Amino acid sequence: MLKKRKGLLATKRQITLKPLRARQLIRRFHVLLKNKTQLAKFLEHHWKCTVDQRDVAKSIRSHDPKLLAAYEENKIHIQKVLVVNKTPSSEILTAKGLSVEQVCSELGKIDGEIEKRGGLETYQAASTQGQSLQRGGDSSKKLVQWLKELGYSKENAVALEIGCLHSRNAISTCGLFKEVVKIDLHSQEPEIIEQDFMQRPLPKSSSDKFDLISCSLVVNFVPDADVRGEMMVRITQFLKDPATKPYLFFVLPLPCITNSRYFDNARLSELTESLGFECVKHHESHKLAYYLYKRTGVGQKKIKLPKKELHKGANRNNFCIVMR
Ligand SMILES: C[S@@+](CC[C@H](N)C(=O)[O-])C[C@H]1O[C@@H](n2cnc3c(N)ncnc32)[C@H](O)[C@@H]1O
């Protein structure tokens, strides 16, 4: 689960994409990852287990090896026939009406396509390039600007960056932190620990906790609305005691806030307040919504935020963070 890249893997593979291609790939990967989550959830429910989405074949092998052929055959087939430059349908799949075997076949197709398109590494490169084009680069510049405005100068402050693409971004180079622990599902540099935040062992003591957590454009990357809620709760477990007023830097694509059927700024405030956060800075650029929260613990209470339609409109997206 926790590994730093060594040897040959330590060398970053350079992937350069044209802007249009980067945007198309980001969109396609979002559809693929979303579909994969829906189908994996079906298997989890059916087998009453956890399916590791990074190694679906392993779960199939251990629960019903007969179904592995359906997965493998479709994976190989799609890799043979898929024309990567053609825009495929962006249809969102559900497992409704599918047999377990059909679900395994669909998962094989998805994994085959992800691999053929260069894997998560390519998706990350597309995200990096797409985002730097959209917003002039590193979102943590906004964080550093805000911390400086607030006169932040905590001795020996330690930060955690969840979903880190570059080890030399503003949060790491600003000099405000003694250490910035950088993690990502798929590390692109030796300084970035390859780790799923949802699997990071919970802190045993305050020394394993952080003065600041950066979670920029990560929650929207998580395909499941319930897991997004779990991620928000989990973040609080990694922050130092509210008495020390730790911070959360949080960024979402603007349409998650301004154009979702199920989510908006009021909903986000309700959610963050229930976790004991107070918003101290907020900025909306034409593409992104940035927030800096201080965790005071005030107003903390357990609430439920189900997926509920807040705004009507055929052109809205379905982004949501669910609290169970
Ligand atoms: C769109 S990129 C954003 C990167 C960067 N933080 C930024 O603001 O530009 C999202 C990153 O989050 C990472 N990510 C998503 N879920 C994660 C998780 N559970 N644990 C660690 N990293 C995760 C992905 O691997 C991906 O590199």
Practice task
Arrange the peptides 139-148, 237-246 so that the one whose residues have, on average, the most other Cβ atoms within 10 Å appears first.
Solution key: 139-148, 237-246
Completion exercise
The simple spin-label model distance between residue 85 and residue 304, using points 7 Å out along Cα→Cβ, in nm, is 5.3 nm
Problem - Vicinal HN-Hα couplings computed from phi for the range 64-74 (Karplus, 6.51 cos²θ - 1.76 cosθ + 1.60; Hz; Gly/Pro x) - result: 7, x, 4, 7, 5, 4, 4, 5, 5, 4, 5
Handout entry: Per-residue HN-Hα couplings for the range 148-153 [Karplus 6.51, -1.76, 1.60; θ = phi - 60°; Hz; x = Gly/Pro]
Key = 5, 4, 7, x, 5, 8
Problem - Rg in Å to one decimal, and Dmax rounded to a whole Å, for the range 19-121 via C-alpha atoms - result: 13.5, 43
Fill in the blank from the handout: The local net charge around residue 164, scoring Lys/Arg +1 and Asp/Glu -1 for residues other than residue 164 whose Cβ lies under 9 Å from its Cβ, equals -3
Exercise for the section: Determine the relative contact order of the range 138-295: mean sequence separation of Cα pairs under 8 Å and six or more apart, normalised by residue count, in whole percent. Expected result: 18 percent
Practice task
Whole number in Å², please: accessible area per residue of the chain, 1.4 Å probe, ligands, DNA and RNA not counted.
Solution key: 51 Å²
Handout entry: Accessible surface of the chain, 1.4 Å probe, proportion on carbon and sulfur as whole %
Key = 52 percent
Problem - Out-of-range pairs (alpha-carbon distance over 27 Å; input 240/301; 141/245; 34/141; 58/96; 96/287; 142/301) - result: 34/141; 96/287; 142/301
Exercise for the section: Mind putting a number on the dipole of the chain about its Cα centre? Charges go on the C-beta only, +1 for Lys and Arg and -1 for Asp and Glu, and I need it in Debye to the nearest 20. Expected result: 420 debye
Exercise for the section: Taking H placed 1.01 Å from N in the peptide plane, check which residues at least 5 places from residue 177 or on another chain put their amide H under 5 Å from its amide H. Expected result: none
Handout entry: Charge sum, other residues only, whose C-beta stays under 12 Å from residue 224's C-beta, Lys/Arg counted +1 and Asp/Glu -1
Key = +3
Handout entry: For q = 0.16, 0.23, 0.28 Å⁻¹, Debye-computed log10 I/I(0) when each Cα of the range 263-322 counts as one equal scatterer
Key = -0.60, -1.04, -1.20
Exercise for the section: Would you kindly derive the ³J(HN,Hα) couplings of the range 98-104 from the backbone phi angles with the Karplus curve 6.51 cos²θ - 1.76 cosθ + 1.60 (θ = phi - 60°), listing them in order in whole Hz, with x for Gly and Pro? Expected result: 9, 7, 4, 5, 5, 5, 5
Fill in the blank from the handout: residue 204 and residue 317 label points (each 7 Å along its Cα→Cβ direction) are spaced in nm at 4.1 nm
Handout entry: Quotient of Cα Rg and 2.2 N^0.38 Å for the chain, N being how many residues it contains
Key = 1.02
Fill in the blank from the handout: Taking every other residue with Cβ under 13 Å from the Cβ of residue 149 and scoring Lys and Arg +1, Asp and Glu -1, one gets +4
Practice task
For the range 112-238, just say rounded, prolate or oblate: build the C-alpha gyration tensor, square-root its eigenvalues into a ≥ b ≥ c, call rounded for a/c under 1.5, and beyond that prolate if a/b exceeds b/c, oblate if not.
Solution key: oblate
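The values are calculated or read from the model by the stated rules, or taken from the named source; none is laboratory data. The structure presented is a predicted model; accordingly, all values stated were derived computationally and were not measured. Glycine gets a Cβ as well: all are built from the backbone with ideal geometry, and neighbour counts include every protein chain shown. Quick note on the areas: whole protein, heavy atoms, side chains included, nothing else; ligands and nucleic acids left out. Shrake-Rupley method; radii C 1.70, N 1.55, O 1.52, S 1.80 Å.
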